[in-house]
1. Quick one: in segment 73-92, of everything that is on the phi < 0 side of the Ramachandran plot and out of contact with any strand residue (DSSP E or B) (no Cβ under 7 Å at 6 or more places or on another chain), which residue is surrounded by the most Cβ atoms within 10 Å (Cβ to Cβ)?
2. Which numbered condition trips up Lys146, out of (1) more than 29 Å from Ile224 (Cβ to Cβ); (2) of a type in the set (Lys, Arg); (3) in contact (Cβ under 8 Å) with a residue 60 or more places away in the chain?
3. So for segment 230-252 (the condition being touching a residue at least 24 places away in the same chain (Cβ under 8 Å), in contact with a Ser or Thr (Cβ under 9 Å, 6 or more places away or on another chain) and not hydroxyl-bearing (Ser, Thr, Tyr)), does at least one residue qualify?
4. So, restricting to helices (runs of 4 or more DSSP H) that lie completely within segment 160-275, which ones have at least 2 residues that are under 26 Å from Ile321 (Cα atoms) and modelled with pLDDT of 90 or more?
5. Out of the residues in segment 48-72 that are free of Cβ contacts under 8 Å to residues at least 40 places away in the same chain and surrounded by 12 or more Cβ atoms within 10 Å (Cβ to Cβ), which is nearest to Ser86 (Cα to Cα)?
6. If we scan segment 27-45, do we find a residue that is surrounded by 11 or more Cβ atoms within 10 Å (Cβ to Cβ), of a type outside the set (Ser, Thr, Tyr) and in contact (Cβ under 8 Å) with a residue 40 or more places away in the chain?
Amino acid sequence: MQSKDIAKEFPFAKKLNSSARQASAERAWQAISSFYTRCKKKEKKKGYPKFKKNTRSVEYKVSGWKLSNDCMSIAFSDGFNIGTLSLYCNFETREDLFRLKINRVRVVKRADGYYAQFCFDTDRSEQGEYTGNVIGLDLGLKYLYKDQNDNAVVYPQYLRKSEKRLKKLQKRLGRKFNKDKKPQSNNYHRTRKRLSVLHLKIQRQRKDWAIKQARCVVHFSDVIVDEDLKVCNLVKNHHLAKSISDVSWYQFTTWLDYYGKIWNKAVVSVSPNYTSQDCSNCGHRVKKSLSTRTHSCSVCQTEICRDKNAAINILKKGMSILGMEWQNSEKRGLGVSPSKAIFQDSTFGQKESASTEEKHGEKTASAIEGKPNIVSGFL
């Protein structure tokens, strides 16, 4: 489907700028192409593209919009007569708008207003500082993660904290809904908007927390090993689904990969199979339920925290993928790096990006070059 076909089939699309119709057609073709790619890979969820009549975003290329000379406002020229809109953003963002070449502008509707996203090409790679530290992360619910040194980060549980307010607003919204009345009352829409804004706040809190924690982990480590968890399968457990969704494991690991590419750090995701069951000291498999929080090995008499044991196994798996060997030096009494690791590979200090492993559930990150960056401003 091309831009002209969209304008012929849907009358409202004629009012759009031609570049906006082209961008919509490109996104549609991209969705179809991704669907066929998933079919070839024989994935369970193919994700057939769905037609969305009322979208919450519109994208313009080089035409159909114009920034003011001081970058304080943006004007749109199409049949919808949007006109000129004021831009609210910080000083650094306004400087970027002055000096960088903007490729596309996207207007997005959120629960609390409209946002303009400016897309441009920039080199995000930075020179990371070599620390000599390695870290293995065992992701959890009470703690966001626990590493091989028994250091843990407690997750704030943003959804649980806002649950009372959510229930109150949902109950109020249910009372104001009248199935025989269309459209609904203004009070209904005001309550619906307040509920949407609260959900948006929780979403932003999760994202902000994930970004800060991922940045901190990557900044102070040269090799980061985490679990390649299948969250879509884990949430099928309805006793833990809410907590799993709240802790946002996938978002955290995504930002780990992102900052790993920027700073040229090795970020490795390994299969989580038997990381909690296998003994990190001798390798003996000790079966235990989820309620058992202490790992006790009957062979080597090791007794440590279950999560710490898993973090050590995860780190060993990741280091073996990179062609290195890691040994826990706590019992050896050796003075080594802050991560208490012994490196058996002399090329580690060169910080080479890791090669991709073809095993299932194991992947590594490489350097990023010329990746498009997005800057948002409030309209």
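1. Only one residue fits best here, namely Asp78.
2. Checking Lys146 against (1) more than 29 Å from Ile224 (Cβ to Cβ); (2) of a type in the set (Lys, Arg); (3) in contact (Cβ under 8 Å) with a residue 60 or more places away in the chain, the one that fails is (1).
3. So far as segment 230-252 goes, no, none of its residues is touching a residue at least 24 places away in the same chain (Cβ under 8 Å), in contact with a Ser or Thr (Cβ under 9 Å, 6 or more places away or on another chain) and not hydroxyl-bearing (Ser, Thr, Tyr).
4. On the way: elements: 163-176, 186-219, 231-234, 241-247, 249-262.
Filter on segment 160-275 gives 186-219, 249-262.
5. Among those residues, the one meeting the criterion is Met72.
6. For segment 27-45, residues surrounded by 11 or more Cβ atoms within 10 Å (Cβ to Cβ), of a type outside the set (Ser, Thr, Tyr) and in contact (Cβ under 8 Å) with a residue 40 or more places away in the chain: absent.
The values are calculated or read from the model by the stated rules, or taken from the named source; none is laboratory data. Everything numeric in this text was worked out from a predicted model, so none of it was measured. A quick note on method: Cβ atoms are made from the backbone with ideal geometry, for glycine too, and the neighbour counts reach across all protein chains shown.
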